[in-house]
Amino acid sequence: MYLLALSKGEQINETIEQFCEEQGIASAEVSAVGAIKDPVLGYYQLEKKEYAWHPFLGNFELTLLGNVTIKDGKHFLHAHPTISGPDLAAHMGHLKSGEVAVVMEVFIRPVARPIVRVMCEPVGVHAWEL
Ligand code: ZN
């Protein structure tokens, strides 16, 4: 298992993907706690085969579950954060982007073999090919 401490201002997706690439981790489970700034979360509209994106402005508490796999030959973070603002009401969705607001404490657990994503036409997303 790898531990990663992200700092204020770091882009979450890019930083985790780059870390896995540098460490030679093809696929991993990812979990984290911390705070996120200006997250953009999405809801997948199956009938349209596209995401509806929802930007949130400001700083939010964060828990994050996800994984790193290989998509189109590159490391790809698929993560679903749960965020809350001052009222502690939770929102959750598919993470498009966001930066670390304060700190972010990340556990990265490599899996035994690479997982590659391929387009699954019936639902319109890149799904695991196991
Ligand atoms: Zn998702």
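Residues of segment 40-80 with amide nitrogen under 17 Å from the 7 Å Cα-to-Cβ point of VAL102?
58-64
What GluC sites (Glu not before Pro) does segment 20-68 have in DSSP loop regions with at most 10 other beta carbons within 10 Å?
Numbers: sites: GLU21, GLU22, GLU29, GLU47, GLU50, GLU61; in loops: GLU47.
Answer by residue number: GLU47.
Residue by residue, what Karplus-based ³J(HN,Hα) values in Hz, rounded to whole numbers, does segment 67-79 have, using 6.51, -1.76 and 1.60 with θ = phi - 60° and x for Gly and Pro?
My calculation for segment 67-79 gives 8, 10, 9, 10, 10, 6, x, 10, 5, 9, 8, 10, 9 Hz in order.
Sorted from fewest to most neighbouring beta carbons within 10 Å, what does the list PHE56, PHE76 look like?
Details: PHE56 17, PHE76 20.
So the ranking, lowest neighbour count to highest, is PHE56, PHE76.
Using the Karplus equation 6.51 cos²θ - 1.76 cosθ + 1.60 (θ = phi - 60°), what ³J(HN,Hα) coupling, rounded to whole Hz, does each residue of segment 102-108 give in order, writing x for Gly and Pro?
Running phi through 6.51 cos²θ - 1.76 cosθ + 1.60 with θ = phi - 60° gives 9, 9, 8, 9, 10, 9, 10 Hz.
If amide H atoms are built 1.01 Å from N in the plane of the peptide, which residues on other chains or at least 5 residues away come under 5 Å of the amide H of VAL102?
Those qualifying (amide H under 5 Å, at least 5 residues apart or on another chain) are ALA35.
Label 7 Å along Cα→Cβ of LYS74; segment 1-26 residues with amide nitrogen under 20 Å?
10-26, by backbone N distance to the label point.
Most exposed first by the Cβ proxy, i.e. fewest other Cβ within 10 Å, how do ASP87, ASP72 rank?
Result, fewest neighbours first: ASP87, ASP72.
Give me a comma-separated list of calculated 3J(HN,Hα) values for segment 53-66, in order, Karplus coefficients 6.51, -1.76, 1.60 applied at θ = phi - 60°, integers in Hz, x for any Gly or Pro.
Rounded to whole hertz, the list is 8, 10, x, 10, 9, x, 9, 9, 5, 9, 10, 9, 10, x.
Would you mind ranking LYS37, LYS8 so that the residue whose beta carbon has the fewest other beta carbons within 10 Å leads the list? All intermediate terms of the calculation are to be shown ahead of the outcome.
Working: LYS37 18, LYS8 14.
The order, fewest Cβ neighbours first, is LYS8, LYS37.
With a cut-off of at most 15 other beta carbons within 10 Å, and DSSP calling the residue loop, which trypsin sites (Lys or Arg not before Pro) in segment 41-111 qualify? Please list them. Could you put the intermediate results ahead of the total?
Numbers: sites: LYS48, LYS49, LYS71, LYS74, LYS96; in loops: LYS48, LYS49.
Passing both the DSSP loop test and the Cβ count: LYS48, LYS49.
So what is the relative contact order for the chain, in percent, with contacts set as C-alpha pairs under 8 Å and at least six apart? List each step's numbers first, then the result.
Working: 313 pairs, mean separation 47.0, N = 130.
About 36 percent, as a whole number.
Values quoted throughout were computed directly from the atomic coordinates according to the rules given, and no laboratory measurement underlies them. All of these numbers come straight from a predicted model, not from anything done at the bench. We place every Cβ from the backbone using ideal geometry, glycine too, and count neighbours over all the protein chains shown.
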